[in-house]
Amino acid sequence: MDSSTLGARGRVLPVARHAFSLAGIAGAVAGAMLGGKVPALAAESDPASQQAQATPDAAPAPQPSGPQGAATPTFEEVTTTARQRAENVQDVPIPVTVLSGDHLEDTGTDKFQQLQFAAPSTSVFLSNPRQAGIAIRGLGNNPANDGLQGSVGIYVDGVYFDRDAMASFGLYDINQIEVLRGPQGTLFGKNTTAGALNITTNAPTFTPEVDTGITYGSFNTQEYTAVINGPIVDNVLAGRLSIESDSHSGYVKSTEGNSYDGLNLKDARGQLLFQDGDIFSLRLSGDYGLEHDNSGFSILYSPGPASSAKPGFTTFAEWSQRVGVPAFIDPNDFKTNAVGEQVMKQETSGASATADWKLPDGFALTSISAIRTWSFQPQNNGFDYFAPPTIGNGIPISQQDVSHDVQASEELRLASPVGGPVDFVAGLYYFWKRLAGDQETTFAADASTILGTNPALNGAETKVDTDPTTNSAAVFSQMNWHVTDRWTLTGGVRETFEQDTIHILQYPVIDPASTPPASLGFFTASDTIRNWSLSGLISPSYKITQDVLAYLSLSHGAKAGGFNSPAVPAFSGATFLPVSTLVVYPEKADDVELGVKSTLFDHRLTLNADAFFTRVTDYQANTTIPLPNGGTAPDLLNVGAVTNKGFEVDAVARPIVGLSIVASGSYDLAQYQSFRNAPAVEGSTAASQDLSGRPVVGAPKWTASVSGTYTWPIAAEAAAYVTAEYAYKSAQYGFIDDSSFSRLNAYGIANFRVGTNIADRYDVALWVQNAFNTANFYSTSTVTSGLGGYTAAPGIPRVFGITVRAKF
């Protein structure tokens, strides 16, 4: 239990159960930067106890100081599994934020994208599932690509998710979420040069439980959750079923009467837990999710340059005149005059088996076997994207880029006992995936008139199929040598082999009006690349006092390479370039961290801080390549280097009983050290530009968060609570060209929540997110076909509602 709670007839009412969306966020943030979940926001349901079921090394949480029910404003121990065993987060020399599942529920943090406000130096990009991504310290916002993965590894119950969109399910029935900052290549390994997101769901238990929640709000917001848990065979077999339905109408309203950016998501997860005493446990899990809505919509953000000297360039204003109607552009309003169809369908499913054995002499063996699928079937527009029905045209291109991803993985891990001079974790890992892509583009009969494209494409259809496949294997080990009671030296190494293969098939143009360009002719080719990647870590740490830890870490990690996909090699002269021009090699990160974690004033204040410097070489980004005929072509390649340096500070204070204050801040200076062939700004006469020394796309320099929660008793077993919070992000570039037209302004979002909790079983809360309706965006992009303007993916507007929860 949280020792910083209010007692009522001896029953503890956790203050944290009454935090709001970003408060949980800020709390998470602060706890985040403090090196872990905000203890002030810890819920009565201790994640350490649940984690102990799956992790034999888990230690019981310490009991609160003072008699039961005594009002002592201190924090309970926070547990992290950042090093693949349960540990007090304040003893782990890693910058990590730990958010409890109760905290997520009680703060309204139920969407993947909200995590960017819950942890410092974290950004989430969500224009559509293919382009979904998470960045830490400005690194990780890589372009959407079927052949590559992000720089932040996402793990759910120990299973790596190949696509970030696989994790875009609702955050419900979660045990805890850990956001690890900096390279995590030794233990988490695959694609963690920027950090890792480690999500643990609630496991089945032998205690009967029913947990339900209902939310209603503006924009026809409706969310229903239910969890049923309990024994099937006493002390042998337990089961857990979690279901969710989440929907709202479109946040973006059309001047023509319809709306976009709505949500319709349903998912379920079923689990079985078999236990053979304390020696063996087997956890089987299966899940399925379906999203079918019109989310992922972008509004017009900027018209781009007013004019250009570039031959053949079509300004956005000129194109709008061709369409016959001026487009609606107001980035401070969630409006559009689009009428085209927006369809987004996404399916996810998976199954995993986690087996734990307790071996003689305190050793533990863990096996995690998993298979996952992801399917994405969008329709980006339907020939009338920006024009009213009476006009009947607009952007005359309909695109459907369908992706089907299948992955399988196996991890075998051995953990030594703790308490001696040396302890370690070592293991083997294997991963396989195949992503079949089908890219179809259909041109309207008047495409050439509006876009100035080749008349041969009027009414025609092009199609490209690709299937990048990956086979990856690794061996890893990490050891802690406790030199003295205060000094510990941590070292780790991981060797990874990866083979990537691709097959490309471009079909001849279907139904061309005349002879199509040779670049759209039949093409087929295959290629295979192989890479060895070494990751390493060395980290001395020193306990200055029992409650103050200082640490230094030096680490090296790598993100896998692959192929630019779906894509066909550039066409030059009369031939296609070789497939080797689509090869993207691994990017490598070297990182230095210096930090301190402290719990002060009789555990009433937690204060953590860290400073870091990271250099990424062979950075993967969109660029241009020269052609033999003297022209250039866009491509995705290793472009040079990126450096990032900064600091993170967060604090959690409980100055008086019932009051919790959480604050955090970060400074991240992420810059391209070398990027000489970056995409040119819209309308530029140059084919490319040099962005060396410029800010990395999607990297705000400053982030900050502060929240306050006050709880007070109103009856024998009832408490009222109120939470206010504010999160800030400084300006950033939303598109890789660093154009002033794509620059996203700084913004701050305020959330408020007020409610009542009864006996820690019933909870009713009124809430508002983005209370002042502040315009905010995830990212920007150029208008389809480069028509001079920029679009932006909007965040959440002001939404308010009521949430009722009941537990039995």
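The values are calculated or read from the model by the stated rules, or taken from the named source; none is laboratory data. Computed from a predicted structure; not experimentally measured. Note: ideal-geometry Cβ built from the backbone for every residue, glycine included; neighbour counts use all protein chains shown. We work out accessible area using only protein heavy atoms, side chains counted, and drop any ligands, DNA or RNA first. Shrake-Rupley method; radii C 1.70, N 1.55, O 1.52, S 1.80 Å.
Considering the stretch 649-707 alone, what residues qualify as being in contact with a strand residue (DSSP E or B) (Cβ under 6 Å, 6 or more places away or on another chain) and of a type in the set (Val, Ile, Thr)?
VAL649, VAL652, ILE661, VAL662, VAL696, VAL697, THR703, VAL706
Is there a residue in the stretch 603-622 that is outside any strand (DSSP E or B) and under 29 Å from ALA727 (Cα atoms)?
Of the residues in the stretch 603-622, the ones outside any strand (DSSP E or B) are 603-604, 618-619.
When the remaining residues are screened for being under 29 Å from ALA727 (Cα atoms), the result is 603-604.
The answer is yes; a qualifying residue exists.
Could you list, ordered by first residue, the pairs with Cβ atoms under 9 Å in which the first is in the stretch 435-457 and of a type in the set (Ser, Thr, Tyr) and the second is part of a helix (DSSP H, G or I) and surrounded by fewer than 18 Cβ atoms within 10 Å (Cβ to Cβ), at least 6 apart or interchain?
Correct list of pairs: SER448/PRO455; SER448/ALA456; THR449/ARG322; THR449/PRO455.
Filter the stretch 758-785 for residues that are closer than 19 Å to ASN128 by Cβ and assigned to a loop (DSSP other than H, G, I, E, B); which is most open to solvent (accessible area, probe 1.4 Å)?
Across the stretch 758-785, the extreme among qualifying residues is SER785.
If we keep just the residues of the stretch 627-638 that are hydrophobic (A, V, I, L, M, F, W, C) and surrounded by fewer than 18 Cβ atoms within 10 Å (Cβ to Cβ), which is farthest from PRO183 (Cα to Cα)?
Of the stretch 627-638, the ones hydrophobic (A, V, I, L, M, F, W, C) are 627, 633, 636-637.
Then keep just the ones that are surrounded by fewer than 18 Cβ atoms within 10 Å (Cβ to Cβ); that gives 627, 633.
Values: LEU627: 36, ALA633: 33 Å.
Among those residues, the one meeting the criterion is LEU627.
Select the strands (runs of 3 or more DSSP E) contained entirely in the stretch 406-506, then report the ones holding at least 2 residues which are closer than 30 Å to ALA355 by Cβ.
Answer list for the stretch 406-506: 422-443, 469-481, 487-506.
List pairs: first residue in the stretch 356-375 and in contact (Cβ under 8 Å) with a residue 60 or more places away in the chain and over 21 Å from VAL425 (Cα atoms), second residue hydroxyl-bearing (Ser, Thr, Tyr) and part of a strand (DSSP E or B) anywhere in the structure, Cβ distance under 8 angstrom, at least six positions apart or on different chains.
ARG372/THR348; ARG372/SER349; TRP374/THR348; TRP374/SER403
Return yes or no: is ASP547 within 26 Å of LYS463 (Cα to Cα) and of a type in the set (Asp, Glu)? I'd like the intermediate steps shown before the answer.
Numbers: within 26 Å of LYS463 (Cα to Cα): no; of a type in the set (Asp, Glu): yes.
Considered against the rule, which asks whether it is within 26 Å of LYS463 (Cα to Cα) and of a type in the set (Asp, Glu), ASP547 comes out as no.
Step by step: first the residues of the stretch 486-517, then only those that are more than 36 Å from the chain's Cα centre (by Cα) and surrounded by fewer than 13 Cβ atoms within 10 Å (Cβ to Cβ), then the one that is nearest to VAL568 (Cα to Cα). Which residue is that?
PRO508
Please state which one of ASP333, ASP361, ASP401 is outside any strand (DSSP E or B) and modelled with pLDDT under 90.
On the way: ASP361 fails: modelled with pLDDT under 90; ASP401 fails: outside any strand (DSSP E or B).
Result: ASP333 is the single residue among ASP333, ASP361, ASP401 that is outside any strand (DSSP E or B) and modelled with pLDDT under 90.
Restricting to the stretch 268-281, and then to whatever is open to solvent by 40 Å² or more (accessible area, probe 1.4 Å) and either basic (Lys, Arg) or part of a loop (DSSP other than H, G, I, E, B) (or both), can you tell me which residue is modelled with the highest pLDDT?
Among them, the one singled out is ILE279.
Here is a list of conditions, (1) within 18 Å of GLY801 (Cα to Cα); (2) in contact with a Leu (Cβ under 8 Å, 6 or more places away or on another chain), and VAL179 meets all of them except one; can you say which number that is?
Status for VAL179: all satisfied but (1).
Name the one entry in LEU265, LEU290, LEU284 that is more than 30 Å from ARG743 (Cα to Cα), hydrophobic (A, V, I, L, M, F, W, C), part of a strand (DSSP E or B) and touching a Lys or Arg at 6+ places or on another chain (Cβ under 8 Å).
Checking each option against the conditions leaves just LEU290.
Identify, please: which residue in the stretch 572-602 is assigned to a strand (DSSP E or B), without any contact (Cβ under 8 Å) to a residue 60 or more places away in the chain and farther than 30 Å from VAL78 by Cα and is, among those, farthest from the chain's Cα centre (by Cα)?
The residue in question is THR575.
Of the numbered conditions (1) farther than 30 Å from LEU148 by Cβ; (2) surrounded by 17 or more Cβ atoms within 10 Å (Cβ to Cβ), PRO417 fails exactly one; give the number of that condition.
(2)
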